[in-house]
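Encoded as structure tokens, the structure appears first; notes follow it.
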Amino acid sequence: MTRIQIFLLFFLCVVSQSAFCQLNGYDSSYVKTEPDKFGIRFYLSKKYTDLSVQVPDLDSPYRFIPNSGLNMGLGFTYQNLSINIAVPVGFLNPDRQKDWPFSLDLQSHIYAPKVIVDFFGQFYGGYRIKAEDLNGFDEDYLREDMRLALVGVNFNYLFFGERLSLAAAFTQADIQKKSAFSPFVGFEVYGGKIKGDSLLLPKMAISESMNFQEAGYFQAGPNAGMAGTLVFGKGFFLTGVAAVNLSGGYSKWENETQTKQWGVVPTYYLRGFAGYNNEKFSFNFNYVYKNLNLIKAGPFDQAVNTGNYRFNLIYKITPGRKFKKRFNKVNPLSILSKMLNKQ
């Protein structure tokens, strides 16, 4: 499957799931929905997927970090549709390598009544290990040839989701009127591949027999956790979501020979939000972090970790009837919802 195909599949899944989630409603005594508010967003974000490899006899793991940077962007949320566009700005990323391979990081975090859905489609080119993480190295260990791909989905059902709007914390599309909490259960599926033109770990620090050039993995399993928002001070909020997962699957690592191991491993998913939200203005800081421990294959104990730091500054306006009507005709969520209602 090509990246374009994955992008189209990713978009269709997001649109379909978003439209489906609109069929459920919130308890109005806990959540105020504002689909007719047009939220204009300025934001800063940093998305990444790194690879951590723990090698025997070393105190700390090797951590390959991507050539991603701090992005600056604009976006909007209106009629349950959110669109954002951001790019890494030079003056915010002085240490970012220039002319390295292009990376594509697709992350969609859908927070709707009763459900949380996360889609990941990530394709990174170019990694490095910082010099301070390597004994005896004065410069960063650069691997422009290294490629990492990850595709996955995470789904959760909230038992008391009609009282808790995580969209109020993430996009400020809603307003959480009072504190609420909910346990949840779900499942997740992830698969990916890591590859380089030669052995990936620093040769001066490890023998060739302990090194690798290519790796792959697939794992899936159930998860469970707790989500909640604490509302205080007429608009301020703190939101947290934590989940643990037990995944079954395999990892395979290749050097001159291939090592493949099946097994079960625990992983976890953390999210934190803090900010202020009212009918005209909102801001928040949030952090999404997915730990994906991989099945231990041979001497390697490894993990693929995905994160997204973000700061949002949002101003909300109420468009006129003409704009609302015209936008509704081109909104893919509205179009899909009408198609579903006709069936």
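The values are calculated or read from the model by the stated rules, or taken from the named source; none is laboratory data. Note that the structure is a prediction, hence the values are computed from the model and not measured. We place every Cβ from the backbone using ideal geometry, glycine too, and count neighbours over all the protein chains shown.
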Notebook entry, point to check: In the range 93-116, which residues are in contact (Cβ under 8 Å) with a residue 60 or more places away in the chain and surrounded by fewer than 16 Cβ atoms within 10 Å (Cβ to Cβ)?
Noted result: Leu104
Next item on the list: Could you list all residues from the range 185-199 that are touching a strand residue (DSSP E or B) at 6+ places or on another chain (Cβ under 7 Å) and assigned to a loop (DSSP other than H, G, I, E, B)?
Entry: Gly196, Asp197
Checklist line | Conditions (1) touching a residue at least 40 places away in the same chain (Cβ under 8 Å); (2) of a type in the set (A, V, I, L, M); (3) closer than 30 Å to Lys32 by Cβ; number of the one not met by Ile295 | finding: (3)
Next item on the list: Assess whether Tyr217 counts as being within 21 Å of the chain's Cα centre (by Cα), over 22 Å from Gly272 (Cα atoms) and in a strand (DSSP E or B).
Entry: yes
Item checked: Residues located in the range 295-334, provided they are assigned to a strand (DSSP E or B), under 26 Å from Gly191 (Cβ atoms) and modelled with pLDDT of 85 or more -> Gln302, Ala303, Val304, Asn305, Thr306, Gly307, Asn308, Tyr309, Arg310
Item checked: Odd one out for Gly126, checked against (1) in contact with a helix residue (DSSP H, G or I) (Cβ under 9 Å, 6 or more places away or on another chain); (2) at positive phi -> (1)
Check: Do you know which of the residues in the range 202-220 that are in contact with an Asp or Glu (Cβ under 8 Å, 6 or more places away or on another chain) and small (Gly, Ala, Ser) is nearest to Thr259 (Cα to Cα)?
Finding: Ala215
Next item on the list: Name the one entry in Lys98, Lys47 that is under 15 Å from the mean Cα position of the chain (by Cα) and of a type in the set (Lys, Arg).
Entry: Lys47
Next item on the list: Name every residue in the range 153-184 that is in contact (Cβ under 8 Å) with a residue 60 or more places away in the chain, in a strand (DSSP E or B) and either at positive phi or not hydrophobic (A, V, I, L, M, F, W, C) (or both), in order of residue number.
Entry: Asn154, Asn156, Asp174, Gln176
Next item on the list: Could you list, in sequence order, all residues of the range 279-320 that are polar (S, T, N, Q), surrounded by 15 or more Cβ atoms within 10 Å (Cβ to Cβ) and in contact with a Phe, Trp or Tyr (Cβ under 8 Å, 6 or more places away or on another chain)?
Entry: Ser282, Asn284, Asn286, Asn291, Asn305, Thr306, Asn308, Asn312
Notebook entry, point to check: What is the one condition in (1) more than 21 Å from Glu214 (Cα to Cα); (2) touching a strand residue (DSSP E or B) at 6+ places or on another chain (Cβ under 8 Å) that Asp99 does not satisfy?
Noted result: (2)
Margin query: I'd like to verify a number: residues in the range 1-54 that are within 23 Å of Met146 (Cβ to Cβ), of a type in the set (Phe, Trp, Tyr) and either touching a Cys at 6+ places or on another chain (Cβ under 8 Å) or at pLDDT 85 or above (or both), how many?
Written below: 1
